[in-house]
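Asker: Can you keep this structure in mind? I'll have questions shortly.
The values are calculated or read from the model by the stated rules, or taken from the named source; none is laboratory data. As the structure is a prediction and not an experimental result, all values here were calculated from the model. Cβ atoms come from the backbone with ideal geometry, glycine included; neighbour counts cover every protein chain shown. Surface areas here come from the heavy atoms of the whole protein model, side chains and all, with no ligands, DNA or RNA. Shrake-Rupley method; radii C 1.70, N 1.55, O 1.52, S 1.80 Å.
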Amino acid sequence: LGYLWAKIDSEVHVTDEPREKSIDVKIVPGARAGARVVAFRGNHAVTERELQQEIDRTDLGAKLWREPDTVAGVLKEFYRRKGFLAARVSAAPAVLDGATARLPITIDEGLRHLVSRIDVRGPGEIAPGQVETWISMRVGEPFNPAEAPLSARRIEAGYVEAGYRSARAEVTGAVEPGTGRVTVVAQWHPGVRSVIRDVTVTGRIETRESV
């Protein structure tokens, strides 16, 4: 309804009747905003449209005016996925500008961190190029910290499929201070490879053993 600054107070009263109480509710609607505007400030690499699309994608539009700090946290993570690892996002209380409510969201993007090198470390018979494929990060692309554990799981799955059932992997990003360059380091321990040496078929009646 646009009453963003409404206040509601309640007070409980005891009556003369046993087990009966009354509640007085006082509502002060405050000023009514005919329109709402999110005022982004400080965003340069990311457009206002992209920021609004992220809010819509996460279904946080309803919380935007009630819990602006929650939305600010979501936008911060959005920036991190784009490589802005030190981005800061803050929301100030909404203000009324004539008949329009404005919600100021201030952004300090900071440096954008890009993958500058991929360093694969670990023994085994699988070629480093295959491991880089599993990592699924490319030199020159924004470094997304959330992708690192997913890359590690893909490496482990690849080694398990190759017979290394106890394979363990870790993928991290080594940030070079002040430059925005990130070296992606992938380390794995394949463990012992399991190899099928023989297959014994039991319980056959008419089926040939070659089957």
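Asker: Run residue 90 past the list (1) open to solvent by 60 Å² or more (accessible area, probe 1.4 Å); (2) touching a residue at least 24 places away in the same chain (Cβ under 8 Å); (3) assigned to a strand (DSSP E or B); (4) not acidic (Asp, Glu) and report the number of the one that doesn't hold.
Answerer: (2)
Asker: Right, something else. Go through 103, 75 for me and flag whichever is under 18 Å from the mean Cα position of the chain (by Cα) and surrounded by 18 or more Cβ atoms within 10 Å (Cβ to Cβ). Don't jump to the end; show me each part of the working.
Answerer: Working: 103 fails: under 18 Å from the mean Cα position of the chain (by Cα).
Every option except 75 fails the conditions.
Asker: Let me ask you something else. Could you list, in sequence order, the residues of region 148-165 that are under 14 Å from residue 125 (Cα atoms), among the hydrophobic types (A, V, I, L, M, F, W, C) and open to solvent by less than 50 Å² (accessible area, probe 1.4 Å)?
Answerer: Correct list: 155, 162.
Asker: Collect the residues in region 51-80 that are under 19 Å from residue 145 (Cβ atoms) and in a loop (DSSP other than H, G, I, E, B), keeping them in residue-number order. Don't jump to the end; show me each part of the working.
Answerer: So in region 51-80, the residues under 19 Å from residue 145 (Cβ atoms) come out as 54, 58, 72-80.
Answer for region 51-80, where residues must be under 19 Å from residue 145 (Cβ atoms) and in a loop (DSSP other than H, G, I, E, B): just 58.
Asker: Follow-up question, since we're still on this one. Looking only at region 14-56, count how many residues are over 44 Å from the mean Cα position of the chain (by Cα) and open to solvent by less than 60 Å² (accessible area, probe 1.4 Å).
Answerer: 2
Asker: Right, next: When residue 83 is evaluated against the numbered criteria (1) part of a loop (DSSP other than H, G, I, E, B); (2) of a type outside the set (A, V, I, L, M); (3) within 30 Å of residue 116 (Cβ to Cβ); (4) open to solvent by 70 Å² or more (accessible area, probe 1.4 Å), which criterion, by number, is the only one it fails?
Answerer: So residue 83 meets the others, but not (4).
Asker: Are any residues in region 1-44 among the hydrophobic types (A, V, I, L, M, F, W, C), modelled with pLDDT of 75 or more and within 15 Å of residue 103 (Cβ to Cβ), and if so, which ones?
Answerer: Of the residues in region 1-44, the ones among the hydrophobic types (A, V, I, L, M, F, W, C) are 1, 4-6, 8, 12, 14, 23, 25, 27-28, 31, 33, 35, 37-40.
Those left that are additionally modelled with pLDDT of 75 or more: 8, 12, 14, 23, 25, 27, 35, 37-40.
35, 37, 38, 39, 40, listed by residue number.
Asker: Suppose we filter region 166-203 for residues that are open to solvent by 60 Å² or more (accessible area, probe 1.4 Å), hydrophobic (A, V, I, L, M, F, W, C) and over 30 Å from residue 86 (Cβ atoms); how many remain?
Answerer: 5
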